[in-house]
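What follows draws every value from the coordinates through simple rules; no lab data is involved. Note that the structure is predicted; figures quoted are calculated from it, not measured. Note: ideal-geometry Cβ built from the backbone for every residue, glycine included; neighbour counts use all protein chains shown.
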Amino acid sequence: MLIQSPVIKRAAPLVVSSGSCLYAIVRARRLSLDEPSDATLLSFLLSQSDMILLLCGGPVVWYITQRRQHHHALLD
């Protein structure tokens, strides 16, 4: 049996978003210190796939969650 605490339910999104924000800041800082390269845009974006997923994944998850909640609200 899984115990679900209201405090954990409220704190979990804050912890996850804070962690991903810190990762993005550290990753952007490291990227800004890298030497310039002559790589194509596609090559650059493929090498930064973790940042793209981080920046685009959150809104996608939020959208799916909101849509699912709205769908369940209509069924009730």
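A compact table of results
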| item | result |
| --- | --- |
| Listed peptides 46-52, 33-39 by packing density, highest first (mean Cβ within 10 Å) | 46-52, 33-39 |
| Extension reserve of the K9-L42 stretch, reckoned as 0.36 nm per residue once the Cα distance is removed | 8.0 nm |
| Simple spin-label estimate for Q69 and E35 in nanometres, 7 Å along Cα-Cβ | 4.9 |
| Rounded to 10°, Cα long-axis angle of helix 49-75 versus longest principal axis of the chain | 20 |
| Inter-label distance, nm, simple model (7 Å from Cα along the C-beta direction), A28/C56 | 1.8 |
| Read-out percent of Cα pairs over 19 Å apart, derived from the coordinates shown; its label in [x] 58; [y] 50; [z] 28 | [x] |
